[in-house]
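Scroll down for the structure; my scribbles are underneath it.
The values are calculated or read from the model by the stated rules, or taken from the named source; none is laboratory data. Here the structure is a predicted model, which is why all the values come from computation and not from measurement. Note: ideal-geometry Cβ built from the backbone for every residue, glycine included; neighbour counts use all protein chains shown.
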């Protein structure tokens, strides 16, 4: 008799992917759906991309719902989670993917740029994680995965505010892992150079050429790392999986 295929590892679970409509967030949402999870996702302005993602998720045979939300405000976070609970009734996994990125010489970073960077890359993951705790505990515990960056590990002089925000999120990951154990596991993925087009900028070409694996990363590379942390041995928390082709070794 044929051996039945194993059930998808996340079947019956609900995953929230913040900033899920585009780029890395989209790849993560699709990868978790292929693992069987129903997908809740947020977006801020990419409405057409959100609608397209929702249709792609439904075609994979999972439930899906997207909500427009500015997750740098606690009230918007609470409203989004309430909306998702009305649809799915549970929450098992949170992927804090929302973030900002820009290059600015240090002396030219404005107050607004500094505040906006920390709000998106550090405050929003904090607010989402804090609000999700009761819902994760309600299902007996869950997992939180934060998207940090190789910029949290290396000092890039034209990305000081970005690197500071991601370093803060890396340390927040470790603090949350201790604070929320044993019920909730908290880990992180730190991407290196991830590109979204075959045409690279001069800076991207330079970073690619310096990467030991001699290529840039893709959104799918990050998504597969997130899937690993979402499905791996439960005796793992407070860790950062660096997905950078070896760039941080230099």
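Checking each residue in the range 66-84 for being surrounded by fewer than 17 Cβ atoms within 10 Å (Cβ to Cβ), without any contact (Cβ under 8 Å) to a residue 40 or more places away in the chain and touching a helix residue (DSSP H, G or I) at 6+ places or on another chain (Cβ under 8 Å) picks out 68, 70. For the range 48-62, the count of residues that are at pLDDT 95 or above, within 20 Å of residue 101 (Cβ to Cβ) and touching a helix residue (DSSP H, G or I) at 6+ places or on another chain (Cβ under 9 Å) is at least one. The set of residues in the range 147-169 that are assigned to a helix (DSSP H, G or I) and without any contact (Cβ under 8 Å) to a residue 12 or more places away in the chain is empty.
Matching residues to (1) surrounded by 22 or more Cβ atoms within 10 Å (Cβ to Cβ); (2) within 19 Å of residue 233 (Cβ to Cβ); (3) free of Cβ contacts under 8 Å to residues at least 12 places away in the same chain; (4) within 13 Å of the chain's Cα centre (by Cα):
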| residue | (1), (2), (3), (4) |
| --- | --- |
| 6 | no, yes, yes, no |
| 13 | yes, yes, no, no |
| 16 | yes, no, no, yes |
| 22 | no, no, no, yes |
| 36 | no, yes, no, no |
| 41 | yes, no, no, yes |
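If we scan the range 170-185, do we find a residue that is part of a loop (DSSP other than H, G, I, E, B), touching a helix residue (DSSP H, G or I) at 6+ places or on another chain (Cβ under 9 Å) and either modelled with pLDDT of 95 or more or over 16 Å from residue 100 (Cα atoms) (or both)? Yes, the range 170-185 contains a residue that is part of a loop (DSSP other than H, G, I, E, B), touching a helix residue (DSSP H, G or I) at 6+ places or on another chain (Cβ under 9 Å) and either modelled with pLDDT of 95 or more or over 16 Å from residue 100 (Cα atoms) (or both). Of the set (1) modelled with pLDDT of 95 or more; (2) part of a helix (DSSP H, G or I), all apply to residue 144 but (2).
Taking the criterion of being more than 20 Å from the chain's Cα centre (by Cα) and surrounded by fewer than 20 Cβ atoms within 10 Å (Cβ to Cβ), would at least one residue in the range 217-234 satisfy it? Looking through the range 217-234, none of the residues is more than 20 Å from the chain's Cα centre (by Cα) and surrounded by fewer than 20 Cβ atoms within 10 Å (Cβ to Cβ).
For residues in the range 196-213 being part of a loop (DSSP other than H, G, I, E, B) and modelled with pLDDT under 95, which is surrounded by the most Cβ atoms within 10 Å (Cβ to Cβ)? Full working, then the answer.
As a first pass, look at the range 196-213 and keep what is part of a loop (DSSP other than H, G, I, E, B): 196-201, 211-213.
If we keep only those that are modelled with pLDDT under 95 too, we end up with 196-201.
Working: 196: 10, 197: 7, 198: 6, 199: 7, 200: 15, 201: 10.
Among those residues, the one meeting the criterion is 200.
Of all the residues in the range 110-125, those that are over 9 Å from residue 71 (Cα atoms) and buried (at least 19 other Cβ atoms within 10 Å of the Cβ) number 4. Within the range 48-80, restricting attention to residues that are in a helix (DSSP H, G or I) and over 16 Å from residue 18 (Cβ atoms), the residue that is farthest from the chain's Cα centre (by Cα) is 59.
Here is the figure for the range 85-99: residues that are touching a helix residue (DSSP H, G or I) at 6+ places or on another chain (Cβ under 8 Å) and either surrounded by fewer than 16 Cβ atoms within 10 Å (Cβ to Cβ) or assigned to a helix (DSSP H, G or I) (or both) total 2.
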